[in-house]
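Take a look at the structure below.
The values are calculated or read from the model by the stated rules, or taken from the named source; none is laboratory data. Computed from a prediction, not measured in an experiment: that's the story for all the values here. Counting neighbours? That spans all protein chains shown, and the Cβs are built from the backbone with ideal geometry, glycine included. All accessible areas refer to the heavy atoms of the entire protein, side chains included, with ligands and DNA or RNA removed. Shrake-Rupley method; radii C 1.70, N 1.55, O 1.52, S 1.80 Å.
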Amino acid sequence: MRVAVVEGDGIGREVIPAAVEVLDAFGLPIEKVPLELGYGKWEKCGVAIDDNDLDVLKSCDCVLFGAITTPADPNYKSVLLTIRKELDMYANIRPIKPLPGVTGVTGKSDFDFVIVRENTEGMYSSIEEIHEDVAYTKRVVSRKGSERIAKSACALAKERRNDLTIVHKSNVLKSDTLFLNVCRDVATSEGVDHKDMLVDAMAYSLMKYPERYDVVVTTNLFGDILSDMSAALVGSLGLAPSANIGDKYAFFEPVHGSGPDIAGKGIANPIAAILSMKMMLEWMGYQREAELVEKAVGNSILEKITTHDLGGNASTIEVGRAIADHVRSMLDG
């Protein structure tokens, strides 16, 4: 397996090395290919990602990614949107699962659900017109895009509790009628139990009754908002991992941004990056190793070896090293 390792900008340069240290504890036959992308490269070269970078990414099986700073410059080409489209990674997978010893805003810990977000169209279609007094963004919802994200969600649901919730706003956005109907048809043909909810009602219900949900499928913008909101259930964005999956490539990244206000201080929480690496191991077929990462993260938290946001005083690299040590200990045991 070849993995492109992209630290990116800001705290990405701190949390990805911590995740790589945990990965290296297993000694797996994985070739790591370092690649510079993002705002730092744009400042030096005038481009954040180029065709050569895309060729390198396509030569790898998957990507372990940190974070990107996106400036308010119309000439800046979005790295994430470019990679998602060029590698056709249409399924954004964001698990929302509590960690030992950490409670979110609701105090609940009896939930475990996954948000499956369509990743290549919707409001992020990049079809836009900007004028002096008006701006337009075209929302694209296609049958193909809806079918393949529905199939991804149904496959995941069948591995879990066989329960799917389709989230939409078809009472106002008629393009969502297509999405809803296609998802219903796919779920019925796949034998997956399903229901649907309007996105505003779903936002309330996820906060109030998160234990009711298993797999949630929705469009691009709605999935972006609901998944970031749901990170509050587990404690913070610093604990939320994600994956971008296509038929050929995969891309794993923490949900948080580049954190320029704390970059370089050694206080960024690396757990989201480490759990993203855990999702990468699962995708590669290293299920046992992925389970050990999750246990090691839990052990580190319970031992209070955490960054300041979780009440500890350990640095980013110290947390990564502690988790790597727990992995090595479990392998030796």
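Being within 27 Å of residue 217 (Cβ to Cβ) and open to solvent by less than 10 Å² (accessible area, probe 1.4 Å) is a property that residue 93 lacks.
Which ones in the stretch 251-267 are over 10 Å from the mean Cα position of the chain (by Cα), of a type outside the set (S, T, N, Q) and crowded, with 21+ Cβ neighbours inside 10 Å? Matches in the stretch 251-267: 259 only. Note on the stretch 63-85: residues that are closer than 14 Å to residue 7 by Cα and touching a helix residue (DSSP H, G or I) at 6+ places or on another chain (Cβ under 7 Å) total 6. Close contacts from the stretch 217-246, counting a first residue that is free of Cβ contacts under 8 Å to residues at least 40 places away in the same chain and a second that is β-branched (Val, Ile, Thr) and open to solvent by 10 Å² or more (accessible area, probe 1.4 Å), with Cβ to Cβ under 6 Å and a gap of 6+ residues or different chains, come to 237/255.
Scanning the stretch 218-261 for residues that are touching a Phe, Trp or Tyr at 6+ places or on another chain (Cβ under 9 Å), among the aliphatic types (A, V, I, L, M) and within 22 Å of residue 183 (Cα to Cα) gives 221, 243, 245. For the stretch 268-275, the condition of being over 19 Å from the mean Cα position of the chain (by Cα) and under 27 Å from residue 38 (Cβ atoms) holds for none of the residues. Counting the residues of the stretch 306-333 that are open to solvent by less than 50 Å² (accessible area, probe 1.4 Å) and more than 24 Å from the chain's Cα centre (by Cα) gives 3. Determine, yes or no, whether residue 170 is in contact with a helix residue (DSSP H, G or I) (Cβ under 9 Å, 6 or more places away or on another chain), part of a strand (DSSP E or B), surrounded by 14 or more Cβ atoms within 10 Å (Cβ to Cβ) and modelled with pLDDT of 95 or more. Here the answer is no, as residue 170 does not meet what is asked. Looking for something under 18 Å from residue 63 (Cβ atoms), touching a strand residue (DSSP E or B) at 6+ places or on another chain (Cβ under 6 Å), open to solvent by less than 20 Å² (accessible area, probe 1.4 Å) and assigned to a helix (DSSP H, G or I) - is there at least one such residue anywhere in the stretch 282-297? Checked the stretch 282-297: no residue is under 18 Å from residue 63 (Cβ atoms), touching a strand residue (DSSP E or B) at 6+ places or on another chain (Cβ under 6 Å), open to solvent by less than 20 Å² (accessible area, probe 1.4 Å) and assigned to a helix (DSSP H, G or I). Taken over the stretch 282-298, the criterion of being touching a residue at least 24 places away in the same chain (Cβ under 8 Å) and either closer than 20 Å to residue 6 by Cβ or in contact with a Pro (Cβ under 8 Å, 6 or more places away or on another chain) (or both) is satisfied by 283, 284, 293, 298. Residue 257 satisfies every condition listed in (1) within 17 Å of residue 17 (Cβ to Cβ); (2) modelled with pLDDT under 95; (3) assigned to a loop (DSSP other than H, G, I, E, B); (4) small (Gly, Ala, Ser) except (1).
Residues that are under 22 Å from residue 125 (Cα atoms) and open to solvent by 30 Å² or more (accessible area, probe 1.4 Å) within the stretch 201-221 comprise just one, 221. Out of all the residues in the stretch 2-53, which are assigned to a loop (DSSP other than H, G, I, E, B), in contact with a strand residue (DSSP E or B) (Cβ under 8 Å, 6 or more places away or on another chain) and on the phi < 0 side of the Ramachandran plot? Passing the criteria: 9, 11, 30, 35, 36, 37.
Looking at the stretch 117-125, is at least one residue surrounded by 20 or more Cβ atoms within 10 Å (Cβ to Cβ), over 30 Å from residue 211 (Cα atoms) and not β-branched (Val, Ile, Thr)? Within the stretch 117-125, not a single residue is surrounded by 20 or more Cβ atoms within 10 Å (Cβ to Cβ), over 30 Å from residue 211 (Cα atoms) and not β-branched (Val, Ile, Thr). Within the stretch 17-39, being within 23 Å of residue 77 (Cα to Cα) and open to solvent by 10 Å² or more (accessible area, probe 1.4 Å) holds for 33, 34, 35, 36, 39. Note on the stretch 199-240: residues that are in a helix (DSSP H, G or I) and either acidic (Asp, Glu) or more than 17 Å from the chain's Cα centre (by Cα) (or both) amount to 15. Just one of the listed residues (189, 146) is farther than 17 Å from residue 96 by Cβ, part of a helix (DSSP H, G or I), at pLDDT 95 or above and open to solvent by 60 Å² or more (accessible area, probe 1.4 Å), and it is 189. For the stretch 22-48, a residue qualifies if it is at pLDDT below 95 and touching a Leu at 6+ places or on another chain (Cβ under 8 Å), and exactly one does: 48.
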